[in-house]
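To start, the structure under review is shown below, and the notes come after it.
The values are calculated or read from the model by the stated rules, or taken from the named source; none is laboratory data. Keep in mind the model is a prediction, meaning the values are calculated, not measured. Here the Cβ is made from the backbone with ideal geometry for all residues, glycine too, and neighbour counts use every protein chain on show. Just the protein is used for accessible areas: all its heavy atoms, side chains included, with ligands, DNA and RNA removed. Shrake-Rupley method; radii C 1.70, N 1.55, O 1.52, S 1.80 Å.
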Amino acid sequence: ALYKAFPPCMISPWNTTHSEIRCLDVTARNLDEFKEFIAKYTGPKLRFLDPQYTHSNDVRLCYRSKKDIARYLLNYIGRSRQYSELSFNCQTFAADLYGFLAGKKGVEPHHPLNRIEYRNHGHLFLYEPSLY
């Protein structure tokens, strides 16, 4: 169902050993507007099946322009392209990104199975991957 919601240019061959990041610029000014966006695309044949909201906070970074956020995302994926269903996946990325943007410690992935081997990788957002 998820693939039917994506345009053809966003669908590529599945590789279980690599990760990727896709970023959308959603024009939501607050949590309620974001929830409206999510609701618009929630359903069995749409992008989201069961959205749940576990955290919300202001972005606390000094450098937080669209360009800055794009750089942080490229740093993260450029430093670690691995994928693991248990320890390095979309839920661990979301926890890393939220903790980084909000400046919060102790943020964990939503699903309990992803918490077992989770280690925060928020530092990957900060550093130029080609310098390692």
Legend entry - Accessible area in square angstrom per residue, region 78-132, 1.4 angstrom probe: 63
Inset, instruction - For the chain, set up a Gaussian network in which alpha carbons nearer than 10 Å are linked by springs, and say which option among GLN82, GLN91, GLN52 fluctuates the most. - result: GLN52
Inset, instruction - For region 28-40, take each phi angle, set θ = phi - 60°, evaluate the Karplus expression 6.51 cos²θ - 1.76 cosθ + 1.60, and give the result in whole Hz per residue in order, putting x for glycine and proline. - result: 10, 8, 7, 5, 4, 5, 5, 4, 5, 4, 4, 4, 4
Inset, instruction - Express the carbon and sulfur contribution to the solvent-accessible surface of region 39-132 as a percent, rounded to the nearest whole number, probe 1.4 angstrom. - result: 54
Legend entry - Hz values of 3J(HN,Hα) by residue in region 79-88 - Karplus curve (6.51, -1.76, 1.60), Gly and Pro given as x: 7, 9, 9, 6, 9, 8, 4, 9, 10, 8
Legend entry - Most mobile of HIS55, HIS110, HIS121 in a GNM of the chain (Cα contacts under 10 Å): HIS55
Legend entry - Candidate lysines for bridging to LYS104, where Cα separation is under 26 Å - those fewer than 8 sequence places away on the same chain excluded: LYS35, LYS66, LYS67
Inset, instruction - Along Cα→Cβ, 7 Å out, is where each label goes; now give me the distance between the ones at GLU108 and LEU61 in nm to one decimal. - result: 2.6
Inset, instruction - With label points built 7 Å along Cα→Cβ from the Cα atoms of CYS23 and GLN52, find their separation and express it in nm. - result: 2.8
Inset, instruction - Run the 1.4 Å probe and let me know the accessible area of LEU126, rounded to the nearest 10 Å². - result: 90
Legend entry - Inter-label distance, nm, simple model (7 Å from Cα along the C-beta direction), ALA70/TYR41: 1.8
Inset, instruction - Show the residues, 5+ positions off or on another chain, whose built amide H is closer than 5 Å to the amide H of PHE88. - result: none
Legend entry - For LEU124, solvent-accessible area (1.4 Å; no DNA, RNA or ligand), Å²: 10
Legend entry - Reachable aspartates and glutamates, given that their alpha-carbon falls under 20 Å from the alpha-carbon of LYS45 and they are not under 8 places away in the same chain: GLU36
Inset, instruction - Among [x] 1.09; [y] 1.54; [z] 1.31, find the value of Cα Rg over 2.2 N^0.38 Å that was calculated from the structure presented, and write down its label. - result: [x]
Inset, instruction - Calculate, in nm to one decimal, what SER130 and TYR83 gain on full extension: separation in residues at 0.36 nm each, minus their alpha carbon distance. - result: 15.0 nm
